[in-house]
Amino acid sequence: MSGIVGMVHADGRPIDHALLERMTSALRFRGPDAHGTWIDRAVGFGHTLLATTEEAWSEKQPCTLDGQSWMVADARLDARDELIDALTAHGRAFMTTANDAELLLHAYGAWGEAMVDRLLGDFAFAVWDRRYGKLFCARDQFGVKPFFYAAIGPQIVFSNTLECVRLHPSVSDDLNESAIADFLLFYYNQDVGTTVYADIQRLPPAHTLAWDGATLKVRRYWQLAERESIRYRRQDDYIDHFKSLLTRAVTDRLRTKRAGVLMSGGLDSSSVAATAKAALAAQSAPFDLKAFTIVYDRLLPDRERHYAGLVAGQLGIPVQFHPVDDYPAYHRCTEPDLRTPEPMDEPQMAQYLDLYRAIASNRRVVLTGSDLDTVMYERPITYLAALAKRGAFGRLGADVWRLGRAQSGIARIGIRTTVRDWFASRRPIAFSMPGWINETFIDRPDIREHVRNRVTRRHDAPPHPLRPRVSRALSSPPWMHLFEGRDPGVTQIPLELRHPFADLRLVHYLLSIPLIPWCDNKMIVRKAMHGILPDAVLSRPKSPLAGDPLATQLRSTESRWIGEFRSRPELTRYVVRERIPPVTADHADSLAGSDLRPFSLNNWLTLRTTNVNNKGEQNVEHNSVAS
């Protein structure tokens, strides 16, 4: 894990060394193990290192192999052996002990910008190619690693940390009001290429950026298209292939003897824990693997402590429970350690940050079980209809028969639900404007057009016709924000969360095998973990909490203060304060939706103005807003 920053002046103006040092130092929370800068007159890079793998201890960034191409990278590569073999075949040598940054440089030297077509893993990097006077940057396929940039006049500034880019004096604090509207109305900024700041852009997942001072080109290099179907004669072959890929995904994300697992006691995270334990045990060296589980003991019925305890006992690993009953809604939200780079509606953020800090006290890597639900969930009728459209009636009949067997009777394929969804997709999304929105803001022509585009259903053909829901979900803003929201650039904690189920090889496999029966009720996972996880976990259905913790907290008189917040002057531009429903027991359920976002935005605006401003001065307010 690394903090990266860079700036390039196309007009030849020299880099301000003190500014580069200040911006690099602002990334020390991401990487306390090493700090480096490099300047070549009009180009400057900075890097801070958190060593999370054995190879990372040899990293010295910014780095070069030939004095011509310089790189800064926040990267963890998958399939290193295969990449090394391909580079060796291309004439590159001395790479068996290379760290990931060096492998990226070798790849750039071998294939240039086409290198991204050969990369697997989580990465965000930038290369300055002195020969062509060109900056080349890239972000991984799912956007696990963030990348932000600001191109202002003849210069460009970039970092994997939004707050770092803000430190540059040429970058204004003017807000992107389309992003504000998206947050208030839709929870997320729906544009994966922008941020809440007008000057700062976000490189979308699976995109590259090339800049030569005259032109800036952002290009998509990958999308989740349909691949050749995988069909085996033996059912065990499907299971063995899945287990092999999951083991590889987990092993590639470990690369350390001390790691944690965020383990809920459900099937997904428990499978990751079991695979991690087996992978570490196979290395015949001492290791330290520990599970961490958030639990409710009093606030509402919760069985996670029981199920996580069963898994930990069977696997023989310790588990640390993190009770969160005593975290009220928006606990400590006004304190600087909960300030986020962009507005977030996360009333329980304190409980997660405290858990991450506890984990980070003695380990740097923690695995998650996110987000297998997104990858595996597709209604059978959608899949079967696609087969019928192709005339694959043999496969269609076989899959209906398998589905009936899997469900012990007449197959439930979701016809009624799918028909209802089809009719719903023919009309605009049902959308009700919150009563507290400021009409002066929402009726501005630019904002009105922006919102209209958001609520009008677009009918783009899915890149994977057999899995349309999955392919759309994997390219949607929530999928990206799932990863970004846990990045150290948001948490400010030197802990790297790694997500085995977001492994591209595993995703491709799950989308290439028959949906029925393997993805129905996650059958392939349950079969793969048979005899490894407790039967009670294997047979456990998908089980959300028996109640909404936030709504329960909002019913308490201790939450009344949330509805009594004092509105900042900037908030009135977007929200009519008097129309926000009060925080009472009667409004608890509705408040757990969009009606808390004005409070979240107000709190973000308050913390933002007390942060170090973009010229490094303390306690100076920034209230400018782009019109």
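Overview of values
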quantity	calculated
Number of the exception - Gly313 against (1) within 30 Å of Tyr187 (Cα to Cα); (2) small (Gly, Ala, Ser); (3) surrounded by fewer than 18 Cβ atoms within 10 Å (Cβ to Cβ)	(1)
Search result, residues across the stretch 254-273 that are assigned to a helix (DSSP H, G or I) and more than 11 Å from Gly369 (Cβ to Cβ)	Leu254
Matching residues in the stretch 213-253 - criterion: being among the β-branched types (Val, Ile, Thr) and farther than 22 Å from Asp371 by Cα	Thr215, Val218, Ile230
Boolean, Pro463 is under 30 Å from Leu246 (Cβ atoms) and at pLDDT 90 or above	no
Any hit, the stretch 278-285, residues being at pLDDT 95 or above and in contact with a strand residue (DSSP E or B) (Cβ under 8 Å, 6 or more places away or on another chain)	yes
Selection count where residues are buried (at least 19 other Cβ atoms within 10 Å of the Cβ) and of a type in the set (D, E, K, R), scope the stretch 284-303	2
Members of the stretch 220-248 found to be basic (Lys, Arg) and either touching a Leu at 6+ places or on another chain (Cβ under 8 Å) or farther than 30 Å from Phe158 by Cβ (or both), listed by number	Arg227, Arg231, Arg233, Arg234, Lys243, Arg248
Search result, residues across the stretch 109-159 that are of a type in the set (S, T, N, Q) and out of contact with any helix residue (DSSP H, G or I) (no Cβ under 9 Å at 6 or more places or on another chain)	Gln155
Helices (runs of 4 or more DSSP H) (entirely within the stretch 523-600) containing at least 2 residues that are modelled with pLDDT of 90 or more and closer than 30 Å to Lys243 by Cβ	523-528, 535-538
Residues of the stretch 493-508 classified as surrounded by fewer than 20 Cβ atoms within 10 Å (Cβ to Cβ) and in contact with an Asp or Glu (Cβ under 9 Å, 6 or more places away or on another chain), total	2
Subset of the stretch 185-197 (residues that are at pLDDT 95 or above, within 20 Å of Thr456 (Cβ to Cβ) and not in a loop (DSSP other than H, G, I, E, B))	Thr194
Hey, Ala281 within 24 Å of Arg364 (Cα to Cα), in the same structural domain as Leu497 (by TED's automatic domain parsing), surrounded by fewer than 19 Cβ atoms within 10 Å (Cβ to Cβ) and free of Cβ contacts under 8 Å to residues at least 12 places away in the same chain or not	yes
Tally, over the stretch 1-47, of residues that are crowded, with 24+ Cβ neighbours inside 10 Å, more than 21 Å from the chain's Cα centre (by Cα) and polar (S, T, N, Q)	1
Boolean, Ala73 is under 25 Å from the mean Cα position of the chain (by Cα), part of a strand (DSSP E or B) and under 23 Å from Pro146 (Cβ atoms)	yes
Wholly within the stretch 89-179, strands (runs of 3 or more DSSP E) carrying at least 2 residues that are free of Cβ contacts under 8 Å to residues at least 40 places away in the same chain	none
Residue check for Gln68: farther than 15 Å from Ala101 by Cα and either crowded, with 18+ Cβ neighbours inside 10 Å or touching a residue at least 40 places away in the same chain (Cβ under 8 Å) (or both)	yes
Count - residues of the stretch 144-169 that are surrounded by 22 or more Cβ atoms within 10 Å (Cβ to Cβ) and touching an Asp or Glu at 6+ places or on another chain (Cβ under 6 Å)	5
Meets criteria (at pLDDT 80 or above, assigned to a helix (DSSP H, G or I) and more than 30 Å from Ser271 (Cα to Cα)) for Arg448	yes
Subset tally (residues that are surrounded by 13 or more Cβ atoms within 10 Å (Cβ to Cβ) and touching a residue at least 40 places away in the same chain (Cβ under 8 Å)) for the stretch 204-222	13
Members of the stretch 36-56 found to be touching a Pro at 6+ places or on another chain (Cβ under 9 Å) and either in a loop (DSSP other than H, G, I, E, B) or under 30 Å from Phe287 (Cβ atoms) (or both), listed by number	Arg41, Ala42, His47, Thr48, Leu49, Leu50
Single condition Ala350 does not satisfy, out of (1) in a helix (DSSP H, G or I); (2) in contact (Cβ under 8 Å) with a residue 24 or more places away in the chain	(2)
Residue check, Arg505 in contact (Cβ under 8 Å) with a residue 12 or more places away in the chain and under 28 Å from Arg80 (Cα atoms)	yes
Scope the stretch 488-522; condition in contact with a Phe, Trp or Tyr (Cβ under 6 Å, 6 or more places away or on another chain) and either modelled with pLDDT of 95 or more or under 30 Å from Asp33 (Cβ atoms) (or both); matching residues	Thr491, Gln492, Ile493, Leu495, Ala502
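Conditions tested, residue by residue: (1) surrounded by fewer than 19 Cβ atoms within 10 Å (Cβ to Cβ); (2) modelled with pLDDT under 95; (3) more than 25 Å from Ala249 (Cα to Cα).
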residue: Asp326; (1), (2), (3): yes, yes, yes
residue: Cys333; (1), (2), (3): no, yes, yes
residue: Asp337; (1), (2), (3): yes, yes, yes
residue: Pro343; (1), (2), (3): no, no, yes
residue: Gln348; (1), (2), (3): yes, yes, yes
residue: Leu355; (1), (2), (3): no, no, no
residue: Ile359; (1), (2), (3): no, no, no
residue: Arg364; (1), (2), (3): no, no, no
residue: Asp373; (1), (2), (3): yes, yes, no
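The values are calculated or read from the model by the stated rules, or taken from the named source; none is laboratory data. Note that the structure is predicted; figures quoted are calculated from it, not measured. Glycine also receives a Cβ, built like all others from the backbone with ideal geometry; neighbour counts cover every protein chain displayed.
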